[in-house]
Amino acid sequence: MDIVVKGRKTEVPERFRKHVAEKLKLEKIQKLDGKVISLDVEVSKEPNPRQADRCDRVEITLRSRGPVIRAEAAASDPYAALDLAAEKLDAQLRKQHDKRYTRRGTRRISAAEVADHVPGVATLDGNGQAVGSDESEGVPTKKIGSLEVQGDGPLVVREKTHVAAPMTLDQALYEMELVGHDFYLFVDSETKEPSVVYRRHAYDYGVIHLRTDTMVTQGDSAESGGTLGG
């Protein structure tokens, strides 16, 4: 893999290209992300004399089998801007690498162990079946899907509300990789609709958008919804 250096409305001297190769060491980058496909460096210049201290901008774009990583910085000369952008790229790569390492070290728990890890959840036996307690005698039980729920139900283990700024699909994929989850709920900045990105097979991703159907009545809303299909 080679580093592609290009200028946007400016010439890129050979000396700077050599500095890029010395600063962005491919060996080090591939140790943090072994699935790197390409690495692009774009240099641009701001002609406005009032921004002399930030006239040179460098943007580094790293593409791999995961989400795209971008790091950019501006300074009074392209060399200083490159150094700042390279530091940002290194920080993002290390953070992503640590997240992947943490995920690999996380052990999945069996159904019988759920009660030990989630307070207040129903106790399950070795076959994943709910085990009743003495206090539950006389309380009506109903079946919801594959779960048997006592009382009014349904069983809610945990509920959270988040305030989220709208973001692009690329940003949502990047955030999903950072938190190490298989899905990520976000508000699409283009459509302003709630959406979900999720991991499919290998390094493929899927996305689901929710749109309000004004033709559906209140009584029909219980049948609406979707699943994360293959």
Q. What nm value, rounded to one decimal, do you get for the distance between GLU175 and GLU27 when each label is placed 7 Å out toward the C-beta?
A. 3.8
**Q.** Net charge of neighbours whose Cβ lies under 14 Å from the Cβ of THR168, counting Lys and Arg as +1 and Asp and Glu as -1
**A.** -3
Q) By the scheme Lys and Arg +1, Asp and Glu -1, what is the net charge of all other residues having a beta-carbon under 13 Å from that of ASP56? A) -3
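Using a Förster distance of 41 angstrom, determine the FRET efficiency expected from the C-beta separation of ARG17 and ASP213, and round it to 0.05.
According to the calculation, E is roughly 0.15.
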Q.
Tell me the accessible surface of THR161 in square angstrom (1.4 angstrom probe, heavy atoms of protein chains only), to the nearest ten.
A. 130
Q. In the stretch 1-101, carbon and sulfur make up what percent of the accessible area (probe 1.4 Å)?
A. 46
**Q.** Label-reachable residues, the stretch 184-206, where backbone N falls under 15 Å from a point 7 Å from LYS35's Cα toward its Cβ
**A.** 198-206
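The values are calculated or read from the model by the stated rules, or taken from the named source; none is laboratory data. Here the structure is a predicted model, which means the values were calculated and not measured. FYI the Cβ positions are ideal-geometry reconstructions off the backbone, even for glycines, and counts take in every protein chain you see. Just so you know, the surface numbers come from the protein's heavy atoms only, side chains and all, with ligands and any DNA or RNA stripped out. Shrake-Rupley method; radii C 1.70, N 1.55, O 1.52, S 1.80 Å.
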